[in-house]
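Report on one structure; see the data block that follows.
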Amino acid sequence: MAGELPDYYFRVRENGAVAFRVDTENRQRRIEMDQIAVINIKNGEVKPHGDRQLSEADVAAISEWMTERQALLAARDIDDIHRAVDYLNLTTQWAQSKAGDDQLEEVTDALLMAMHDLRSILVRKKADRLMRDKGNT
């Protein structure tokens, strides 16, 4: 392996991660990963593994990982929305130029309901922002 190994490894899971301390300073010169905590990124909870006490370095590394992970997830969320806008445009083009009657029949009701629901939410949220902004001026 090239370079230094990190002091900590985070195995990502559905709502957070399992945190490990990485150890290569042993007689066999093997990489050992000692589980130190379970992290819930949604509620910010960090549970030390077993009856372990987390060191200041452990807490700092976990906190840094959580901050970086939350930023990454937020960036992915907005990227997914931009991608959805592209898919809507591609879907419009498909419906206009390529779709057959049977294909349109298969998807029209579901698309109309989803678009109606999305439009309702977007219009309400836009109105809320406008009213809030108007109240702040």
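Read-outs: derived from the displayed coordinates by stated rules, not from any lab. All figures in this text were calculated on a predicted structure; none of them were measured in a lab. Please note: Cβ atoms are built from the backbone with ideal geometry, for glycine as well, and neighbour counts cover all protein chains shown.
Key figures
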| quantity | calculated |
| --- | --- |
| Cleavage-rule hits, GluC sites (Glu not before Pro), the range 5-66, DSSP coil, Cβ neighbours within 10 Å at most 15 | GLU14, GLU25 |
| The range 31-39 - phi-based ³J(HN,Hα) in whole Hz, Karplus 6.51/-1.76/1.60, Gly and Pro as x | 7, 10, 10, 9, 5, 10, 6, 10, 10 |
| Part-to-part distance (alpha-carbon centres) for the range 1-73 and the range 75-137, which is given in Å | 39 |
| Charge-dipole axis of the chain as Lys and Arg at +1 and Asp and Glu at -1 on Cβ define it, positive-most pick from TYR87, LEU5, THR137 | THR137 |
| Aspartates and glutamates with Cα under 19 Å of LYS98, excluding same-chain neighbours fewer than 8 positions away | ASP86, GLU106, ASP109 |
| For the chain, built as a Gaussian network whose Cα springs stay under 10 Å, the top-fluctuating residue of ALA114, ALA17, ALA75 | ALA114 |
| ³J(HN,Hα) computed for each position of the range 110-117 - Karplus, 6.51 cos²θ - 1.76 cosθ + 1.60, integer Hz, glycine/proline x | 5, 5, 4, 5, 5, 5, 5, 4 |
| Calculated Cα Rg over 2.2 N^0.38 Å (choose from [x] 1.69; [y] 0.96; [z] 1.11), label | [x] |
| Hits among aspartates and glutamates - C-alpha to C-alpha of LYS126 under 17 Å, sequence gap 8 or more where chains match | ASP117 |
| Average projection area in nm² (convex hull over Cα atoms of the range 1-80, one quarter of hull surface) | 6.8 |
| Note, ³J(HN,Hα) from phi for the range 44-50, Karplus 6.51, -1.76, 1.60, rounded to Hz, x at Gly and Pro | x, 7, 10, 10, x, 6, x |
| Stretch gain in nm, segment SER63-TRP94, where the contour uses 0.36 nm per residue and the Cα spacing is subtracted | 6.6 nm |
| All lysines inside 26 Å of LYS42 as judged from Cα atoms, apart from same-chain residues fewer than 8 positions distant | LYS125 |
